[in-house]
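Everything on this sheet refers to the single structure shown next.
Each value in this text was obtained by applying a stated rule to the coordinates, not by laboratory testing. The structure presented is a predicted model; accordingly, all values stated were derived computationally and were not measured. Neighbour counts run over all protein chains shown; Cβ positions are idealised from the backbone, glycine included.
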Amino acid sequence: MKRRASLVWMMAAVLVVACSKPQPPQLTPRSAQLSAVLPDGVELALLIDARNPNPFPIVASRVTGVFELPDGTELGRGESSEAFTLPSEGSAALSAKLKVRWNSLSALAPYAMAAKPLPYRLRGSARIGGERLNVDVPFSIDGQLTPEQVVSAGLRGAGSLLQPR
């Protein structure tokens, strides 16, 4: 009888584990560094610590982000389509290059003219999952561009606006 009760408990435990919902991964941004000033924006090198609590690996297919001032003024949006894999029940440091295209150069002008650092917030998400089921896991990181980077980004961005199309 004890053996039978023990077997029932083991089967119940297996069913509970087998039927449990997948847990969302945790993303913790470690850094966002300016890696290039482009004619129409900037490229940010993101480093994100990711933790997958599930007993199976998960694929992340893209990273998107909104580059904004601390007051919420949007300067641009970007995306990276580099895929990476989160190991099962493990952690990984993920890197992604996010190309952010300016949509508001006028917001850079006061920082460029005053030669002040530009504080920013990057609000983003990583698309995690497969072809049929996926979820966007959000993250946010704050940083700042130096006055030189602001001037360079503004000059190159303004130059691209003057280019014939």
Quick one: Cα convex hull volume of the range 95-137, Å³ per residue? 115 Å³
So how far apart, in nm, are the two label points at Asn103 and Arg132 if each is 7 Å from Cα heading toward Cβ? 3.4 nm
Please list the equivalent ellipsoid semi-axes of the range 59-116, computed as the square roots of five times the alpha-carbon gyration tensor eigenvalues, in descending order and whole angstrom. 32, 12, 9
Starting from the Cα-Cα distance between Ser31 and Lys116, subtract it from 0.36 nm times their residue separation and give me the gain in nm to one decimal. 28.5 nm
Which whole-number percentage describes the relative contact order of the range 73-151, with Cα contacts under 8 Å and a sequence gap of 6 or more? 27 percent
Can you give the log10 of the normalised intensity I(q)/I(0) at q = 0.10, 0.18 Å⁻¹, computed with Debye over equal Cα scatterers of the range 25-162? -0.35, -0.92
